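Here's the structure, in structure tokens; my notes come after.
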Amino acid sequence: MYRHIIFTIVASLIFVSCNKAQKTADDQWSNVYKNASKNQDFVTAIVALNHLILTDTQNVKEYYDTLAFYYLKKTRNFYAGELMVDKGLALSSNNPQLLEYKSIFLSSKGKLEESRSMLLKAYEISKLNKHRYMYATTFATEGKIEEYTKIVNQILYDKNLKPEIIDVVIDENNSQMIDIKAKIYLDKFQIAIESAKTPQQQQYAVSFLDSSLKISPDYQEALYFKKKIYEK
């Protein structure tokens, strides 16, 4: 009997000791992650998060979200990014950011209806117009410009719309934060300029470009198009 009690006490002490050791390891990897993220060392941050995701079960949902962001936005590892998105959604099916990422993968595979479903769900949860805008772009992808225009106009001309900053791609390695309205106006410029045949139609198209730069004067892509127009 006494041996059993002693064994139980020893086993409990070992268990407590293991838990403390695990907590210490988690704290160490957590510090590695925080420092790497602060220094924009995304490769090291990813390594640290992959360690934490195996042991720190309390924060695992957050880790999948962050890992998906780092893989997709910072290292362009789309295979790993999609894997993290799927694993994250399996744990948290109402995460709007992961729903957004999943919609992009579905759209790239031509599964536009599924992509729209994901984006509508993301918008219902987040109430962010970027999800409504992305939903509209799926129609533009199919050449349904009228449907696209109807949706984005609802965003542009909403009197109660608050400024919303989104991340847009500049090139393979860079992105820029701009107002969503600036992005929509630039889209409108690109659509209008492609079909412009007369000087009046070209001027109409350029008015959208001017509107884009009025909202976000340092919008790099809009400035590029403005320069090209002046060169002509």
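Every read-out reported here was derived from the displayed coordinates using simple, explicitly stated rules and does not represent laboratory data. Since the structure is predicted, the reported quantities are computational estimates derived from the model, not experimental observations. With ideal geometry, Cβ positions are generated from the backbone for all residues, glycine too; neighbour counts draw on all protein chains shown.
Data for the structure
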read-out	value
Long pairs among Lys181/Lys214; Lys73/Lys102; Lys61/Lys127; Lys38/Lys127, criterion Cα-Cα beyond 18 Å	Lys61/Lys127; Lys38/Lys127
Unit charges on C-beta of K, R, D, E only; dipole of the chain, Debye	200 debye
Difference of contour (0.36 nm per residue) and Cα-Cα distance, Lys228 to Gln154	23.7 nm
Student exercise, the range 163-232 dipole from Lys, Arg, Asp, Glu Cβ charges, in Debye to nearest 20	420 debye
Helix-only [θ]222 nm of the chain, DSSP H runs n ≥ 4, -39500 (n - 2.57) each, per residue, nearest 500	-24500 deg cm²/dmol
Spacing of the two label points (7 Å from each Cα toward its C-beta) at Lys109 and Tyr79, in nm	1.6 nm
Positive minus negative residues near Glu124 (Lys, Arg vs Asp, Glu; Cβ under 13 Å)	+3
